[in-house]
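A short write-up of the structure that comes next.
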Amino acid sequence: MITSVSFSNPFVLIFLCGTVATFLINHFLEFIDFRTRAKNGGSIPAVLQKIPLAAETFDTEKLKNISAYEDAKYCKWCLSSVFNLVLDLSLVIFGFYPFVFYFVCGITGFPSGIGNSFCAFFLFMILTAVPSFILEIPFSLYSEFVLEKKFGFSNMTLKLWIVDTLKSLIISLILISLLTFVAAVVFVKFAGSWWFILAAVLIAFTFIMQVVYPKFIAPLFNKFTPLEDDEAKDKIMAILEKVGFKNGGLFVMDASKRSGHSNAYFSGFGKTKRIVLYDTLLKSLSPDELAAVLRLFIMIPMEFVVTFLLYKMAHIPELYYAFGFLDDITAENIANVQFIGIFLATMLWGAVSEIITPVSNIFSRKQEYQADAFGAKACGSADPLITGLIKLNSENLSELIPPKLYVFWNYSHPTLVERIEKLSQLPEA
């Protein structure tokens, strides 16, 4: 049966306090970034003034555009964050999630059988995501067709946006249904050890997607053609050979069909790498610079730790009571509703994860410095990477002088100035 949310329960207090604290922290950080930008946005950092390309690139007009772009994103973010806070709190306080759960149970016959369990899991995940999806639509449209077009980035048409959205929804539903079916089987058949099996499945899924996404999913959205620029190809191949990677294909993606932002990425297993370059990137970087900004980031899977913690959380009856779910859950029957426990644990984590963001970003920035040093060594000089970073920063209208506290808390990458300072200190290869 549905019970009321227990506002004195520690789990609910953690969610409410964490959600509000995250909101306040982010608004404080964004405000000091806005104030710093208003004060220093029209000046070039001393490090960049010493580099002729930077001094030429970041002229008065460019600096004004960077500040205006960042300010526009800030205003949009402020409004969307308020709506999201109200939505997140309302869904919990007014018992939306228990309502969906019992509605799903009523139409699926849950918890009898794997088939009914799969239907219940799947419908619950889809229906609980609907409010956030609906709220995001107007902000997504504004960002794409007003903000990004105003600053010359978006080439998107309304028809293409709708087609992309529908494709993304269909692909997401297919992938979610596959993972949900596996989870349903594992929860029912291995109630006491599902965390280990599910972690192994998720790791395998991650590796499979490394092959499936670039070859079958990405082409549904973009056209990929082999890189024809022989000079750029030779430079990249030389770098790959020097660092011990095998060429899994060099492709150009028609990113300009949707956006003027520049980027590139790797995919593939082990030493064999498929490299995809945005066509916008090829227009702004020389072959040497292009080779320098291609680096690999290796993420060590944490699925076993995460799923074990979720398993433990899902076996705490008080977690369910706190948010208005079943008031008759015991250690014996809790196995039937573990997916609800996982959902609630994930929701709690989302409310408090902001606290450890700076810690994870410290390690991420450290890895980025190491990747820069590796790229400079592979290229034989830091100069191509420095000029490439300057051009990318300029093309994407990225902020030059964010406040240190903002960088410490929010940046997973060092700022342009910090990266150039470190690169300039490297010995010549």
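The values are calculated or read from the model by the stated rules, or taken from the named source; none is laboratory data. Model, not experiment: these values are computed from the prediction. Glycine also receives a Cβ, built like all others from the backbone with ideal geometry; neighbour counts cover every protein chain displayed. Ligands, DNA and RNA are excluded from the accessible area calculation, which covers all protein heavy atoms including side chains. Shrake-Rupley method; radii C 1.70, N 1.55, O 1.52, S 1.80 Å.
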Residue selected from segment 242-255 under the condition modelled with pLDDT of 70 or more and either under 25 Å from SER172 (Cα atoms) or not small (Gly, Ala, Ser) (or both), by the criterion surrounded by the fewest Cβ atoms within 10 Å (Cβ to Cβ): ASP254
With respect to PRO98, is the statement that it is in contact with a Gly (Cβ under 8 Å, 6 or more places away or on another chain) and in a helix (DSSP H, G or I) true? yes
Would you confirm whether any residue within segment 138-156 is closer than 25 Å to VAL352 by Cβ, under 26 Å from the mean Cα position of the chain (by Cα) and either surrounded by 16 or more Cβ atoms within 10 Å (Cβ to Cβ) or touching a residue at least 24 places away in the same chain (Cβ under 8 Å) (or both)? yes
Looking at (1) over 26 Å from VAL20 (Cα atoms); (2) in contact (Cβ under 8 Å) with a residue 40 or more places away in the chain; (3) in a loop (DSSP other than H, G, I, E, B), which one does HIS315 not meet, given that it meets all the others? (2)
Those residues of segment 192-226 which are under 16 Å from ILE342 (Cβ atoms) and part of a helix (DSSP H, G or I), in sequence order: TRP194, TRP195, PHE196, ILE197, LEU198, ALA199, VAL201, LEU202
Just the residues that are more than 27 Å from the chain's Cα centre (by Cα) and open to solvent by less than 70 Å² (accessible area, probe 1.4 Å), please, taken from segment 189-228. ALA191, GLY192, SER193, LEU227
